[in-house]
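In what follows, a single structure is set out as structure tokens and then discussed.
Only the coordinates and a few stated rules stand behind these numbers; no lab work does. As the structure is a prediction and not an experimental result, all values here were calculated from the model. Neighbour counts are summed over all protein chains in view; Cβ atoms, including those assigned to glycine, are modelled from backbone coordinates with ideal geometry.
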Amino acid sequence: MTVTPEIAPSPVNDPGSVEATARRLLTELPGPRSRELEAERRRHVTDAFGITQPVFIDRALNALLVDVDGNHIIDFASGIAVTSVGAANPRVAKRAAAQLERFTHTCFMVTEYSSFVDVCRWLNENTPGDFEKRTALFSTGAEAVENAIKIARSATRRPNVLVFDEAYHGRTQLTMAMTAKENPYRLNFGPFPESVFRAPTAPAHSSPNGPAVALQGVEAILAEHGPETFAAMVIEPIQGEGGFIVHAPGFLAGLREIATCHGIVLVIDEIQAGMGRTGTLFASEHEGIAGDITLTAKALGAGLPLSAATGRAELMNAVHTGGLGGTYAGNPVACEAALAVFEILEEGTLLENAVRVEAAVRARLEPLLTLEGVSDVRGRGAMMAIEFRDNAGPRGDLAVAAAKKANAHGVLTLTCGTNSNVIRLLPPLGIEADVLDEGLAVLEASIRSVLS
């Protein structure tokens, strides 16, 4: 295996030890067995599925993914913020396994089970907002988004939806219309549903005077089409796929005021940023606001498909009986996984660790801002990013090259942003300090190598 001189090789651990807790590369990535399986994948799986790193995983050890060749890879992706409590959390596995022994499914719309109600109760009690709430459970984030729109339209009897620049809300036909990024999410899939309009945002990293201007833009779009025609405005408290964009202080609070003024349902999409990712249970807590409906998914089920829409009781109950549901909505195995996640988050350790992750990332990556091509380090908690841009504009080539080099050296990273010029870091919230430090050292060296 060839290793560039800027990046230290992985520690030499006992190849036979399955409990080694550090990055370990026994082969190049992907290794021979992964390459065999990848060839098989190409014969049977559509090419329409993209892949960040063509390695096949055998098991997980907290913040490490162990592939079929025995390589230990530091996980800075968490399945795109899904496995926030780790990809093999024993408490999640125990509760899910116990449920599997009792029954796998009945469909909550046919016969009921208490874990569905328990998940709804916890979300009602813990999502932001000092008002009576109700919750509906589904399977995917896109389902939660679409159902929030259904709820808002049913409650207001209005058709239109306001979304924002750099937004990502899913891959279904309606959520593609709501998503901003063309390639790969919208390309060749139109026409899209009408009644979706897009407004500007105020990124904290580039708009010091932006909130007032952006909020004026929001009001202008509402006025153009009639504020009384808008059922909902939907926004991520930190925009994920759009580039881990943190909104300038006051922007989300301004949206809250506008929504209230016009009787528009404010939907806060916490699908990627919620469930402890930013150091609080929900990212909107940093801004001191509450949505009329809050959406959760991804980390909610710790890897099992589960999503939720939690909102004001009068909104959630405005839909006629039978109007919401889904065959797999709130599957009992996924509900048990979520109850384990709640227990773990309530202990507080992971929230504290998310704050430590941010400090470690900033300490390691902010010095790179002196380098030509690195323009910003941003985020909150364990939802951090580094952006590549120079005087000519976004440098997606640098981000992709640095991420690719880090991936080749056993640190799994993802890119994001409209121009794919951002590397995003989403480690498990419980990542060990030494594993985090090693992963950041590899990433730093990868970036320096690309920029040299």
Starting from the Cα of Q173, step 7 Å along the direction of its Cβ; do the same at A433; then give the gap between the two resulting points in nm.
5.4
For a footprinting-style exposure proxy, rank D376, D397, D130 by other Cβ within 10 Å, fewest first.
D130, D397, D376
Residues whose placed amide H lies under 5 Å from that of M384, excluding near-sequence neighbours
L425
Using Cβ counts within 10 Å as a stand-in for footprinting exposure, how do D434, D58 rank, fewest first?
D434, D58
Can you tell me the length gained on complete extension of the stretch R356 to I57, counting 0.36 nm per residue apart and subtracting the Cα distance?
104.9 nm
Show the residues, 5+ positions off or on another chain, whose built amide H is closer than 5 Å to the amide H of G373.
R389
Using Cα atoms only, what is the angle between the long axis of helix 332-346 and the major principal axis of the chain, expressed in degrees (0 to 90) to the nearest 10?
80
Using only DSSP helix segments of four residues or longer, with each worth -39500 (n - 2.57), what per-residue ellipticity at 222 nm results for the chain after dividing by its residue count and rounding to 500?
-11000 deg cm²/dmol
Whole-Hz Karplus ³J(HN,Hα) for region 58-67, in order, using 6.51 cos²θ - 1.76 cosθ + 1.60 and θ = phi - 60°, x for Gly and Pro?
9, 7, 10, 10, 6, 9, 10, 9, 9, 8
To the nearest Å, what is the center-to-center distance of region 375-452 and region 305-371, using C-alpha atoms only?
23
Between 0 and 90 degrees, rounded to the nearest ten: what's the tilt of helix 349-365 against the longest Cα principal axis of the chain?
60
Using Cα pairs under 8 angstrom and six or more residues apart, how large is the relative contact order of the chain, in percent?
22
Magnitude of the Cβ-charge dipole (Lys and Arg +1, Asp and Glu -1) of region 92-346 about the Cα centre, nearest 20 debye, reported as 480
Angle between the chain longest axis and helix 433-451 axis [Cα atoms, degrees, rounded to 10]:
80
I'd like the Karplus ³J(HN,Hα) series for region 149-155: coefficients 6.51, -1.76, 1.60, θ = phi - 60°, whole numbers in Hz, and an x wherever there's a Gly or Pro.
5, 4, 5, 5, 5, 5, 6
What's the extension gain from A212 to A98 if we count 0.36 nm per residue and subtract their Cα-Cα distance?
35.8 nm
Listed residue (L252, S307, L266) projecting farthest to the positive dipole end of region 246-320, Cβ model
S307
Quick one: plug the Kirkwood hydrodynamic radius of region 92-346 (C-alpha pairs) into Stokes-Einstein at 37 °C, 0.692 mPa s, and report D in µm²/s.
178
Whole-Å distance, taken between Cα centres, linking region 237-269 and region 134-151:
18
Skipping prolines and chain starts, which residues have an amide H placed within reach, meaning under 5 Å, of the one on T413, given they are 5 or more residues away or on another chain?
N407
Averaged over every viewing direction, what's the projected area of the C-alpha convex hull for the chain? Give it in nm², one decimal, please.
21.9
Output ordering of 381-389, 194-202, 38-46, 294-302 (per-residue mean of other Cβ within 10 Å, highest first) is 294-302, 381-389, 194-202, 38-46
In sequence order, calculated HN-Hα J values of region 223-233 (Karplus, 6.51, -1.76, 1.60; Hz; x Gly/Pro):
5, 4, 9, x, x, 6, 9, 9, 7, 8, 10
What dipole magnitude, in Debye to the nearest 20, does the chain give about its Cα centre under +1 on Lys/Arg Cβ and -1 on Asp/Glu Cβ?
680
